[in-house]
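For reference, the structure is listed below as structure tokens.
The values are calculated or read from the model by the stated rules, or taken from the named source; none is laboratory data. Everything quoted here is computed from the prediction, not taken from an experiment. Cβ coordinates were reconstructed from backbone atoms using ideal geometry, including for glycine residues, and neighbour counts include every protein chain displayed. Just the protein is used for accessible areas: all its heavy atoms, side chains included, with ligands, DNA and RNA removed. Shrake-Rupley method; radii C 1.70, N 1.55, O 1.52, S 1.80 Å.
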Amino acid sequence: MSKRFPEYKGLDLPKVNNEVLKMWDDDDTFRRSLRSRDGKGEFVFYEGPPSANGMPGIHHVMSRAIKDAICRFKTMQGYEVKRKAGWDTHGLPVELGVEKSLGITKEDIGTKISVDEYNAACRRDVMKYTDAWEDLTRHMGYWIDMDNPYVTYDNRYIETLWWLLKELYNKGLLYEGYTIQPYSPAAGTGLSSHELNMPGCYRDVKDTTCIALFSVKKNDKSKFLFSGIDTQGVKIMAWTTTPWTLPSNTALAVGPEIKYASVRTTNPYTSEPITVILAEELIPVIFAPDKKLEYTVNGTYKGSELKGIDYEQLIDWVNPGEGAFRVITGDFVTTVDGTGIVHIAPTFGADDYRAGREHGVPPLLVLMSDGFEGPLVDRRGRMVPMGDLDQAFIATHVNTSTYGPFAGRYVKNEYNDSLTEADATLDVDIAVMLKQAGKAFRIEKQIHNYPHCWRTDKPVLYYPLDSWFIRTTALRDRLIELNNTINWKPESTGTGRFGKWLENLVDWNLSRSRYWGTPLPIWMTEDRQEEICIGSLAELKIEITRSIDAGYMTRNPLENFVVGDNSLENYSLLDLHRPYVDEIVLVSRTGRPMRRETDLIDVWFDSGAMPYAQAHYPFENKENFAEMFPADFIAEGVDQTRGWFFTLHAIAVMISDSVSYKNIISNGLVLDKNGNKMSKRLSNAVDPFSTIDQHGSDALRWYMLTNAQPWDNLRFDISGVEEAKRKFFGTLYNTYSFFALYANVDGFTGSEPQVPVERRPEIDRWIISLLNTLIKEVTERYDDYDITPAGRAISDFVTENLSNWYVRLNRKRYWGGGMDDDKLSAYQTLYTCLETVAIMAAPVIPFFTDRIFTDLNSVSGKHNEGSVHLVAFPSYDKKLIDKALEERMEIAQKMSSMILALRRHVNIRVRQPLARIMVPASDRHFRKSFEAVKPLILAEVNVKEVEYVDDTSGLLIRKVKPNFKLLGPKFGKKMKEAGAAILALTQNEIAEFEKNGSLNLLLDGETHTITTAEVEIISEDIPGWLVANEGRLTVALDITVTEDLLHEGIAREFVNRIQNIRKERGFEVTDKIRVVIEDLPFVSAAVSKHSDYIASQTLALDVSLAPASAITGPAARETDIEEQMVRVLVEKVKG
RNA sequence: AGUCCCAUAGCUCAGUUGGUUAGAGCGCUACACUGAUAAUGUAGAGGUCCCCAGUUCAACUCUGGGUGGGACUACCA
């Protein structure tokens, strides 16, 4: 027995999923796809490492479906696409997870639990959900090499990171500096922005606020402020919610474009007349009516005019040195609150620090007795006690009589356990002091939003902390330049979010004070005068040896480390994590001990370094690195823009002066169906596992990639997945089933010699033309990393053209009879369409397409490859694309639909044949096209003949439509009138117009000539006929039902009824039958006249008439024809 | 606060370089068709193309300003 195309009882995508997965496993399909064909070489892809300490979510399916689709497509194009999986294993979320599961806090590290145990727990915990991730990866069909992933905690990975850091260090790009960071004095640690964004951290608190008055120094720069005033001096108003920062003030910032006013008023506390400067806009707020303050405006000035004005120090505790106490400008200044003038304390605000640096304003620093400089507030949150200050510094820079009473005070009472809310705060005392000195304008309690430490619940300070930085700013121009060569999808993320980010780049703060992460490989002497940056284990081994010689270490943990042996065993001799790495003490050039900087590095450096570290470069893969760098393609969520996308780019530019990726898709978020972010808390998160179990990952992937452009946020609605299944997969399945059913009946195998395309019928050539157009379109879209329109085009082709037109119109060609060329054409055409669609859709929906492909191939044996993912992506044949043919068929489709609409209008069912349609055909080209598709239309709408009418018949009512695109530029302002005039043309004028090819139009006494090329002339109506219009198409239907037609209609009714009975009785498609119909007056003529027709359609050997009494038994049925009951007998004939 | 994305039918989305009647699918209503049948067709209802202003003969489309939703970054007197 010959092979048969597999037939199925129903569409079960989850089952297909599992069966195809098993096939891939059995055949090792993924591994076999990893090769380069036709000398295409490598297509480099980088996998962004997910953190395996959390469960994967539905959004992971999104970005991974994109990555998988592109990689599969490139594979099918002939490239070798290696895909190394990776795991991001360091970082705060891991630490928090461990602390939660162990029930400890950071303070317990080193006491309740050793750093050693803590890190061991992190190492275990981070791979907690690896199984779930691997399971999802497998079931969603994401092909990636999970057997050899890169793991960021691996010593070899860390070694590459150290090498990179040393490269940066040697280039002078790695430096130590300080920056203003959120700092918790109570916990004694800096906080990450992540920690600050934890729920409940920002809280409304009531604080003392103060508008301070800064006295302007009268000199050349400021004298314009003093002209015409009658007060002692001029004061600049600045508002603060943290009066304790006022002693550290070294500048005032104004907005360059903001308008400021000089206002005469009185000091409410001293009643002294004063002249003050503030933003003009804020006068009504500061001098609100309820304050009962009188004031007059002297004049206004732009912020830029005030720039450079000097003022006297507000609180003379410490002298900050040259350059302080100036008015500077800053873009960050607003007039939403305060006075429009910002008090700048560079030691306690990030903006302040930056503004200070830009304008050369010094921060207010004090010299401590230990020789280090620091801000006026110490790390415990106190004004630096006198005893901690350097004695010489006190003598030269500190006003002991004014500072003395305040030294040692906590800036927030919360930091001192012996103080309560009832005690006076430093803020209040400073405010009162200013008030008494006439330097305060207003003091009041205000509620504002302020961050708190999530561990201690106490307020955070913005505080200068030492950190290690990468000088990314030094490479800014190069970063921007190279970014412009990257193909971003969507473009706006590259130029916009990412581009702007690069323009406003600040140095990369690398330091993190944590335990579980990549240690900074820098060792320093205690006085910080000597340092060493280690770039490899080999180097470390040598340095340790030197240290042992110097007596600082007793044993070399790398004693047995073999340089050049890259095995895991060799690299497991020493754990490079804390605390082990901290036990290593190195020796400086001058023979002094050096200890490691305790900082870890930002985990983003880990992931951004993966192009190098996944290859353990340069310790391995040095020769072939060019084959793996840079990436041709990466894809992740848009939330990675300033994360992974940036760190990849930054490191590649700094190390290799190259982009890290050439093409990138950044996809949007997956929201719930109401547009809300998915979260466990709202329990609106969609579980990818159960979704795939229920619907199959093909349906899920198809929905996610075709419903919306991937970079738009996706409102995930499961009913969309179901719709995709019904609409696209259902139709494709049906089309295949239809093919398989008849191909098996006819013994078609697909391996028959091809009927030459030019010998196939018009409709076959049409669908082949469309198919080739589709190949072109899909290839271009995929090539452009634009998956969505590619998928939509495939879907349109399958549902609209292939199934709903081609198969529907051709069904009869597959039924009955032997195998002639026409039938063979039909099978071969449908086979080609199914196979090509399967191949083209394979990158997006890898399972179902592989099933279709292998099912087709199992009989035809056309391909040697056992999987759709191993075959070449099709290329289109220009010769097979026939635009004129596609156009003709469009006419047929539209015409048919119009005629069916007319039938519906007068309630004449399609089974009732009608005599003729009438089509206006003044255009010869149109007539020719119509003639070619005439048989299709007539068959589809069940009409016998076409009659063409031309305008000379006088039957047609014509209409002229102006072509605005052509006429618009010609008429300009008069277009409206011209359009109206054209629409108002009479039938005679139109006829004249058409005859002459041009027309003179009279507008405002001016004559304008228009030609027929500039308008569209359509036949709108045929009086007395039933007419339909759509665009340029017009058709009229003759709805007279003659006796002959009625008989034929009745015959067709019988065919339909008999077919239904056949089906109901469960006959095989090939069974022969005998039919007896009740001899009623209104059917007898119809049946006897068309008995042959009825017989041929229903595979009846005999159709006869008989009285009702003769039609009895189990084979007898009663059916409804033309609203009358008729008895019919249908029985199987053996033979 | 800054930067970016999004806003078109009840829902999900198309809509070319501006061109005058803004489309599809789903859903709803009615009808039809049927050897693909858990499929299909036709028709109907359903629109302030988020709002305002501008440019233009002409704006869903371009410009500016808002509003709403979302993301990232930053966090401020």
Enumeration of residues in the stretch A:303-327 that are open to solvent by 20 Å² or more (accessible area, probe 1.4 Å), modelled with pLDDT of 90 or more and touching a Ser or Thr at 6+ places or on another chain (Cβ under 8 Å): A:Asp310, A:Glu312, A:Phe325
Lone qualifier among A:Glu886, A:Glu890 - being open to solvent by 20 Å² or more (accessible area, probe 1.4 Å) and free of Cβ contacts under 8 Å to residues at least 12 places away in the same chain: A:Glu890
Residue in the stretch A:1027-1047 that is crowded, with 18+ Cβ neighbours inside 10 Å, over 52 Å from the mean Cα position of the chain (by Cα) and more than 9 Å from RNA strand B (Cβ to nearest atom) present: yes
Among residues of the stretch A:701-715, those that are of a type outside the set (D, E, K, R), within 6 Å of RNA strand B (Cβ to nearest atom) and under 9 Å from the mean Cα position of the chain (by Cα), counted: 3
Only one of A:Asp796, A:Asp822 that is out of contact with any helix residue (DSSP H, G or I) (no Cβ under 6 Å at 6 or more places or on another chain), without any contact (Cβ under 8 Å) to a residue 12 or more places away in the chain and acidic (Asp, Glu): A:Asp796
Enumeration of residues in the stretch A:711-767 that are hydroxyl-bearing (Ser, Thr, Tyr), touching a helix residue (DSSP H, G or I) at 6+ places or on another chain (Cβ under 7 Å) and assigned to a helix (DSSP H, G or I): A:Thr731, A:Thr735, A:Tyr736, A:Tyr742
Tabulated pairs, the stretch A:475-501, first modelled with pLDDT of 80 or more and in a helix (DSSP H, G or I), second of a type in the set (S, T, N, Q) and within 15 Å of RNA strand B (Cβ to nearest atom), C-beta under 6 angstrom, 6+ apart or interchain: A:Phe498/A:Thr641
The lone exception for A:Lys680 - which of (1) in a loop (DSSP other than H, G, I, E, B); (2) modelled with pLDDT of 90 or more; (3) surrounded by fewer than 18 Cβ atoms within 10 Å (Cβ to Cβ) it fails: (2)
Extreme residue, most open to solvent (accessible area, probe 1.4 Å), among residues of the stretch A:1094-1111 that are in a helix (DSSP H, G or I) and hydroxyl-bearing (Ser, Thr, Tyr): A:Ser1109
Matching residues in the stretch A:844-886 - criterion: being in a loop (DSSP other than H, G, I, E, B) and under 23 Å from A:Gly141 (Cα atoms): A:Val844, A:Ile845, A:His863, A:Asn864, A:Glu865, A:Gly866, A:Ser867, A:Val871, A:Ala872, A:Phe873, A:Pro874
Listing of strands (runs of 3 or more DSSP E) fully contained in the stretch A:167-279 that carry 2 or more residues being out of contact with any Gly (no Cβ under 9 Å at 6 or more places or on another chain), open to solvent by less than 10 Å² (accessible area, probe 1.4 Å) and more than 25 Å from A:Ala355 (Cα to Cα): A:259-266
Where A:Lys944 falls short, out of the listed (1) near RNA strand B (Cβ under 9 Å from one of its atoms); (2) over 48 Å from the mean Cα position of the chain (by Cα): (1)
Lone unmet requirement of (1) within 30 Å of A:Asp477 (Cβ to Cβ); (2) at pLDDT below 90 for A:Ile655: (2)
A:Asp351 being under 43 Å from the mean Cα position of the chain (by Cα) and open to solvent by 30 Å² or more (accessible area, probe 1.4 Å): yes
Single match in A:Asp575, A:Asp606 (criterion: outside any strand (DSSP E or B), within 15 Å of A:Tyr157 (Cα to Cα), touching a His at 6+ places or on another chain (Cβ under 8 Å) and modelled with pLDDT under 95): A:Asp606
Among the candidates A:Leu558, A:Leu648, A:Leu537, A:Leu576, residue that is touching a helix residue (DSSP H, G or I) at 6+ places or on another chain (Cβ under 6 Å), in the same structural domain as A:Leu164 (by TED's automatic domain parsing) and open to solvent by less than 20 Å² (accessible area, probe 1.4 Å): A:Leu648
